1. Report, in debye and to the nearest 20, how large the dipole of the range 1-72 comes out about its Cα centre when Lys and Arg carry +1 and Asp and Glu carry -1 on their Cβ.
2. With charges set only on the Cβ (+1 for Lys and Arg, -1 for Asp and Glu), what does the dipole of the chain come to about its Cα centre, in debye to the nearest 20?
3. Just in the range 108-150: which chymotrypsin sites (Phe, Trp or Tyr not before Pro) are loop by DSSP and have at most 12 other Cβ atoms within 10 Å?
4. Only Cα pairs within less than 10 Å get springs; with that Gaussian network setup on the chain, which residue of Gly49, Gly75, Gly59 has the largest fluctuation?
5. What does the helix-only formula give at 222 nm for the chain: each DSSP H stretch with n ≥ 4 adding -39500 (n - 2.57), the total divided by the residues, and the result rounded to the nearest 500 deg cm²/dmol?
6. Please give the length that would be gained between Asn150 and Arg68 if that part of the chain were fully extended, namely 0.36 nm times their separation in residues minus their C-alpha to C-alpha distance (nm, one decimal).
Amino acid sequence: MIPPVDLTEQFKTIQTEVNAAVAAVLASGQYINGPVVQSFADAFGEYVGTDHCVVCNSGTDALYLALRALNIGPGDEVITSPFTFIATAETISAVGATPVFVDIDLATFNLDVTKLEAAISDRTRAIMPVHLFGRPVDLGPILDLATRYNLVVIEDCAQATGADWHGRQVGSLGHVGCFSFFPTKTWAAAAMAALLPPKTVTWPLR
């Protein structure tokens, strides 16, 4: 059986740096949050172009906390894509809301924005577009509909870190943007190393 992802070879190329970074954190005694996490949050928030950046343990929790922070819960509906990782719909259900699926555009595999308005009901509270394969959803119509119907937009950017829509980074255009750094996600290590140089953070990333 061939595993879908083999991180062992990649780890060998950065093993010295990773071990040193982990040892530094262990020596500090700060295993949760602390200056290392904050330095990453500051740098990543600046890169994306947001005023605030909060680090969670997973992209799933980021989506869940975004929904909770926006008071979305039982009786509410959230429009999203059926072509995504389970966490997108799972977190909507976890807060007690109902996911409403709008079909995808077969040219991009992202939400078909021409079908969005028909899915809006008097229970709709949010739209959760999913940017897939590094290719942003066409946010123009989504943001227009959100304004017209007083909805919030939660961007699921787990598969599009670093992508931009008309010159602005995904995650900075909706009310909340949620990212993931799980190893299978679409983001370039080289780009992130350039984004977060050693002078910016307190551990080596190269």
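1. 180 debye
2. Values: 11 positive and 20 negative charges, 84 e Å.
Here the size comes out at about 400 debye.
3. Hits after loop and neighbour filter: Phe133.
4. Highest fluctuation among the options: Gly75.
5. Only helices count here, giving -11500 deg cm²/dmol.
6. Stretched fully, the Asn150-Arg68 segment lengthens by 27.8 nm.
Values in this text are rule-based calculations from the coordinates and carry no lab data. Fair warning: this is a prediction, and the values are worked out from it, not measured in the lab. Counting neighbours? That spans all protein chains shown, and the Cβs are built from the backbone with ideal geometry, glycine included.
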